[in-house]
Each structure stands twice: as C-alpha cells, then as structure tokens.
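Student: This is the structure, below, for whatever I ask next.
The values are calculated or read from the model by the stated rules, or taken from the named source; none is laboratory data. Everything quoted here is computed from the prediction, not taken from an experiment. Cβ placement follows ideal geometry from the backbone for every residue including glycine, while neighbour counts extend to all protein chains displayed.
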Amino acid sequence: MSSKIEELARANVRALTPYQSARRLGGNGDVWLNANEYPLAVPFELSQQTLNRYPECQPKRVIERYAAYAGLTPDQVLVSRGADEGIELLMRAFCEPGKDAVLFCPPTYGMYSVSAETIGIEYRTVEARDDWQLNLPAIADQLEGVKLVYVCSPNNPTGNLINPEDIRQLLEMTRGKALVVADEAYIEFCPQASLTGWLQEYPHLVVLRTLSKAFALAGLRCGFTLANAEVIALLMKVIAPYPLSTPVADIAGQALSDQGIALMREHVSQLVATRDRLIAELRNLDCVEQVFSSDTNYILARFTASSQVFKTLWDQGIILRDQNKQPGLAGCLRISIGTPEECERTVAALKLLPGSPVSQEQA
Ligand SMILES: *Cc1c(COP(=O)(O)O)cnc(C)c1O
C-alpha cells in the first residue's frame, strides 16, 4: 500500500519538523495572545482593480514609502512575503548547502532553524548568556564557514534588546566574511534602537522588518529587508518574480502613508501602556515567579507551574505561547499584549490559580 512518495522526498525535508506557528497549534480560543499580533483589525479598502495584470515585482509606492519611513534610499529596500521570506532569501543568496553555515543565539525566533533545515544549510547555535545578551567569545569560536549571523533585537521571545555595542563587535569580527542580520520585527516598540543608521558604516549589515506586528497586518504577509544596494541586488536575483499580490501592495502602500504611520504609532503607545499595566499586575501574582521587562508587544514570564497555567487558560479560551522547551526558558510562557479587556481577563484567570492570594482566601 505504501506509495513510496515519502522516500522520494529530500532527506532534510523528511527529517524536518515544520515551524509550529500559532495557527498550526490550533486551540479554540477567543483571546489570542500567542502570535504577537495586534489585537484588532484595521480596516482597509482595495483601490486597485487591475487583477488581470501581473503585479510589479517591487511595487514602487511601497518601496518609496518604506524607504522614507526607515530613513533610507529605495535601493536599500526589498519587499517580500513577510520578514520570513527575507530570512530565507538571505540563505538562498549567500549560503551553499553542504558548505556554508548560519548562526544564531537561542532562545530566539524559530524560523532561522526551520529555513536552514528546509534549504539544507547547516545551522550553528551559540546560546545567549544568562542575561540574554550575545556570548561574543563563543560566537567568535564558531564563525568558521558561517555566512549569516541572525541577531533578533528586540529578541523574540525574551523581549530584550541586544546591546548595540555587542552588535558592533559582532560586525567588526564578521567584516568581509559574513553578513549580520538584525531582525527588527518589533522595532516600532523601541524605534530609537534601530540599527538602520549603521548601514552606511557596515556593508555587511542587514535589517529585517515587517508589517505583521506594530502595523497590525500579520494577515497581509508583507515584510522588508533593508541593506546596502549590493546586498539588495543579490537578493533580487533569487526572489520570486511576483512575490507580492496586487491587493497586498495596495494595502501596504496605504499602511505606509503618513496617516497609516501615525495610526501605527498611536497603536504602539496604547499597547505599551497596556503592557506596562499588565507587567505590574503579573508581578503581584503568586503563580508568577518572574516577569521579564519588555521592549515589545509581548511579555515573557516564568510561572511556578507553567503547564498547569497554560492548560487552565487554554481551557478558558485564553491562548498563550509555551516557551518551556527553549534553552533557559523552563517554566516560561509568552503573553502577547491584547486589548485592555483581554489582558484583564487573563489576569482574572491567573488570580484564580492555586498559589495566588484570591484562591487561598477562597480555600
Ligand atoms: C513575527 C516575526 C517575524 C516574521 O514576520 P512576518 O513578516 O510575519 O513573516 C520575523 N522575525 C521575528 C522575530 C518575528 O517575531
């Protein structure tokens, strides 16, 4: 009965565990705090009705507006199907399977390893230090054959920024040998920390951005790679001929208008206020061991009984993200910042858990 199709697949694809995206993990929630999405939909209307035509490969309006937003020139900007596609395009353009490697520092974003495994490129990991900063001497020891170093800042799922001086040292030790890719998916929550201002100084720096988080457009699938023109030109060789559909380019252009950017900034300041209230409330709960500070739209917290917390909230329709399996994150759950009401519901559910003051009073 066996169709032998499985045996036809590439060995690395047979061995691959696909990215456990929040959507794939399922759940029957009505409070979705597991994918770092913006909690409310921003309405858009399509203005283009030319779906009989192929779209532009790099829609001019989107590129120009993003370049202006990022303080760069259009030839320093590539737009793609989410930042995830940017992660993969870099590997396809710079890494020879079976020869070159990529490097990153867990605990961090899961797609760096999934993309490397899919393409069949070796990946090396150098665990972050206990303070979740780069272990530079250990990275220096591992750089032989590495073409890309992914540094997520602020880091997902820990929420902290990577010290800029450490990134500078990393850029010095990789000069002429490898690219340093700064994943700035959450940079709108701490815009002063962006490294785009360093592109002039470092030809091998690359910055990844997305409309999925602060811009509230995860469903649009639109991300950006920012780099010097030479890097962008190489990525243009391997990108699909029509990576963005016409409706995506249409809406991305609107989101990057002055009005769209102003709205995003309003959303960011509301989320930051909600986040800081949630951090304060979580710190008062007995079931919470530690709440880490955050420069993003999510919070990482360590719980006294995280699997029980995760399941109890899951059963009530509040879906969090379990980070328990990541190195150094035993007992940790990640909570995306939802609406104030969603955060209140989460705190209320946590207050009823064993070990917390309310449930002890009731007992
Ligand atoms: C969400 C996220 C991305 C992916 O963004 P998309 O544009 O939705 O593909 C990339 N990097 C990090 C760190 C993220 O959290």
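Student: What's the number of the only condition in (1) within 16 Å of the ligand (Cβ to nearest atom); (2) more than 26 Å from Q259 (Cα to Cα); (3) loosely packed, with under 14 Cβ neighbours inside 10 Å that R10 fails to meet?
Tutor: (1)
Student: Taking E144 and the conditions (1) over 21 Å from the mean Cα position of the chain (by Cα); (2) crowded, with 22+ Cβ neighbours inside 10 Å; (3) of a type in the set (D, E), which numbered condition does it fall short on, given that it satisfies the others?
Tutor: (2)
Student: Please go through segment 172-199 and pick out each residue that is more than 16 Å from the ligand (Cβ to nearest atom) and either in contact with a Pro (Cβ under 8 Å, 6 or more places away or on another chain) or on the phi > 0 side of the Ramachandran plot (or both).
Tutor: G176
Student: Okay, moving on. Select from segment 311-350 the residues that are hydrophobic (A, V, I, L, M, F, W, C), surrounded by fewer than 19 Cβ atoms within 10 Å (Cβ to Cβ) and either touching a helix residue (DSSP H, G or I) at 6+ places or on another chain (Cβ under 7 Å) or under 28 Å from Q270 (Cα atoms) (or both) and list them in ascending order.
Tutor: Residues of segment 311-350 that are hydrophobic (A, V, I, L, M, F, W, C), as a first pass: 313-314, 318-320, 329-330, 332-333, 335, 337, 343, 347-350.
After this cut, where a residue has to be surrounded by fewer than 19 Cβ atoms within 10 Å (Cβ to Cβ) as well, the list is 314, 330, 347-349.
Selection gives W314, V347, A348, A349.
Student: Can you give me the number of residues within segment 39-79 that are under 11 Å from A252 (Cα atoms) and in contact with a strand residue (DSSP E or B) (Cβ under 6 Å, 6 or more places away or on another chain)?
Tutor: Going residue by residue through segment 39-79, those that are under 11 Å from A252 (Cα atoms) are 44, 46, 59, 61-63, 65-66, 79.
Imposing the further condition that a residue be in contact with a strand residue (DSSP E or B) (Cβ under 6 Å, 6 or more places away or on another chain) reduces the set to 62-63, 66, 79.
Number satisfying all stated conditions: 4.
Student: For a quick check of your reading of the model, give me the residue pairs whose first member lies in segment 86-105 and is farther than 14 Å from T118 by Cα and modelled with pLDDT of 95 or more, whose second is part of a helix (DSSP H, G or I) and away from the ligand (no atom under 16 Å from the Cβ), with beta-carbon atoms closer than 7 Å and at least 6 apart or on different chains.
Tutor: Pairs that qualify, where the first residue is farther than 14 Å from T118 by Cα and modelled with pLDDT of 95 or more and the partner is part of a helix (DSSP H, G or I) and away from the ligand (no atom under 16 Å from the Cβ), are A93/L234; A93/K237; A93/V238; L103/I139.
Student: Testing R221 on (1) within 15 Å of the ligand (Cβ to nearest atom); (2) crowded, with 22+ Cβ neighbours inside 10 Å, one condition comes back false. Which one is that?
Tutor: If we test R221 against (1) within 15 Å of the ligand (Cβ to nearest atom); (2) crowded, with 22+ Cβ neighbours inside 10 Å, just (2) comes out false.
Student: Just to be sure, is A216 within 15 Å of the ligand (Cβ to nearest atom), over 14 Å from L78 (Cα atoms), part of a loop (DSSP other than H, G, I, E, B) and of a type in the set (A, V, I, L, M)? Walk me through it before giving the result.
Tutor: Numbers: within 15 Å of the ligand (Cβ to nearest atom): yes; over 14 Å from L78 (Cα atoms): yes; part of a loop (DSSP other than H, G, I, E, B): yes; of a type in the set (A, V, I, L, M): yes.
Answer is yes for this residue.
Student: What number of residues within segment 236-251 satisfy the criterion of being within 15 Å of T225 (Cα to Cα) and assigned to a helix (DSSP H, G or I)? Before you say what the answer is, go through the steps one by one.
Tutor: Going through segment 236-251, the residues within 15 Å of T225 (Cα to Cα) turn out to be 236-240, 243-244.
Subset that is assigned to a helix (DSSP H, G or I): 236-238.
Summing the residues that are within 15 Å of T225 (Cα to Cα) and assigned to a helix (DSSP H, G or I) in segment 236-251 gives 3.
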